[in-house]
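Down below is the structure, laid out as structure tokens.
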Amino acid sequence: MKALTIDEVCARLSGARDPLILVHTKPDGDALGSAAALYHFFLARGQKPAIASPDPIPARLSFLTDGLSLSNQPEAGRTVISVDVASPSQLGALQETFLTDAIRPSLMIDHHAVGIPFADHYVLPEAAATGEVLCGVFAHLHDSALWTTPLCTSLYAAISSDTGCFRYSNATPATHRAAAQLLSFGVDGAAVNHLLFDSKSREQIAAEGIVAAKIQTAAGGRIAYAVISRADIDGAGLADEHFETAIDIVRSLRGATVAFTLKEQKAGGYRASLRSTGADMASVAAAFGGGGHLRAAGCSLTGMTAEAAVAALLDKLAPAALE
Ligand SMILES: [Mn+2]
């Protein structure tokens, strides 16, 4: 497994055969937008691509994959490419079928600074999104015909998703230039951003209400957090996916520089989503076997009560919040 040059990445894309495009567990807008962009790229080149997702596509992101072929079945002879996946564990159930002696991805395209490569890879940590990485790859192909509206819309959604609609500090001048180019190719940015950020299901809003009512603080208000139990989720007749954006409610509390949600999992244990305005969340997540980005990371805490999990997280997060 080696780091590839952009020329090698382009050569592998050109040589791919009916690619299966893998995304990570609980796929987000960057994963699905990047996968959809690659899908449209291959479709236009006469290939029969498919997207493989270890978890169902969330309803709020289905506009990215509607009408696209989805398949989790590995088939001999098909090229396998992962997007936005940093480590084998992020492939979830797909590990059993796509990380074997017989079948392996031939290419990882990603932007996570911390990860465990499982194939030859092209990873640009300075990119705000895998969609931004793909913009550069596609530009390197020097083929003006490839920038179709579906491809550009998918890339724009990927970039907007991972930058929180260009609000996070990962949105660099290069990120804005990539997005501007996609807009100049005809993407309806307002429509995409409405779907991504201003359009919520009744269930999602109900979940935000539950989380808003449970916000607690620590470290003199610099840490805001909420613990979400199975009773909160199941008792309200909601599903886990309705809580995926709930961390944004917690992190919006004025004065908080670090925020987290701790969500009880169906199989037991807790899943933590960590956010900060600058402190390193990736290393805190890594201390619990998780990973992610500087300001947005996640990890699992098992074999302990919610109180113990909160205490363990606060122990690591308090120094970061006070930095
Ligand atoms: Mn991403």
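Based on what the data block shows, is Thr245 open to solvent by less than 20 Å² (accessible area, probe 1.4 Å), within 21 Å of the chain's Cα centre (by Cα) and either touching a residue at least 24 places away in the same chain (Cβ under 8 Å) or over 24 Å from Pro58 (Cβ atoms) (or both)? So Thr245 fails the test. One residue stands out among those in segment 21-40 that are more than 10 Å from the ligand (Cβ to nearest atom) and in a helix (DSSP H, G or I): the one that is farthest from the chain's Cα centre (by Cα), which is His40.
For the structure I just gave you, tell me whether Leu70 is without any contact (Cβ under 8 Å) to a residue 24 or more places away in the chain and assigned by TED's automatic domain parsing to the domain that holds Val192. So Leu70 fits the description; yes. When Gln73 is tested against the conditions (1) out of contact with any Ser or Thr (no Cβ under 8 Å at 6 or more places or on another chain); (2) more than 28 Å from Ala179 (Cα to Cα), the lone failure is (1). For segment 65-86, a residue qualifies if it is open to solvent by 40 Å² or more (accessible area, probe 1.4 Å) and closer than 9 Å to Leu22 by Cα, and exactly one does: Asn72. In segment 124-218, counting only helices (runs of 4 or more DSSP H) that sit wholly within it, the ones holding 3 or more residues that are buried (at least 22 other Cβ atoms within 10 Å of the Cβ) span 130-140, 149-162, 173-184. Residue count for segment 20-53, restricted to those that are open to solvent by less than 40 Å² (accessible area, probe 1.4 Å) and within 19 Å of Pro117 (Cα to Cα): 12. Restricting Thr149, Thr130, Thr100 to residues that are modelled with pLDDT of 95 or more and away from the ligand (no atom under 12 Å from the Cβ) narrows the list to Thr149. Being charged (D, E, K, R), open to solvent by less than 30 Å² (accessible area, probe 1.4 Å) and outside any loop (DSSP other than H, G, I, E, B), is that true of even one residue in segment 259-274? Yes, some residue in segment 259-274 is charged (D, E, K, R), open to solvent by less than 30 Å² (accessible area, probe 1.4 Å) and outside any loop (DSSP other than H, G, I, E, B). Just one of (1) crowded, with 17+ Cβ neighbours inside 10 Å; (2) assigned to a helix (DSSP H, G or I) fails for Ala93. It is (1). One residue stands out in segment 277-323 among those that are touching a helix residue (DSSP H, G or I) at 6+ places or on another chain (Cβ under 7 Å), closer than 14 Å to Ala219 by Cβ and not in a helix (DSSP H, G or I): the one that is least open to solvent (accessible area, probe 1.4 Å), namely Ala279.
Being away from the ligand (no atom under 16 Å from the Cβ), outside the structural domain of Gln90 (by TED's automatic domain parsing) and at pLDDT below 95: is that true of Ser283 here? For Ser283, the condition - away from the ligand (no atom under 16 Å from the Cβ), outside the structural domain of Gln90 (by TED's automatic domain parsing) and at pLDDT below 95 - is met.
The values are calculated or read from the model by the stated rules, or taken from the named source; none is laboratory data. If you're wondering where the values come from, they're calculated on a predicted model, not measured in any experiment. So basically every Cβ, Gly included, is an ideal-geometry build from the backbone, and we count neighbours across all protein chains shown. Note: areas computed on protein heavy atoms with side chains; ligands, DNA, RNA excluded. Shrake-Rupley method; radii C 1.70, N 1.55, O 1.52, S 1.80 Å.
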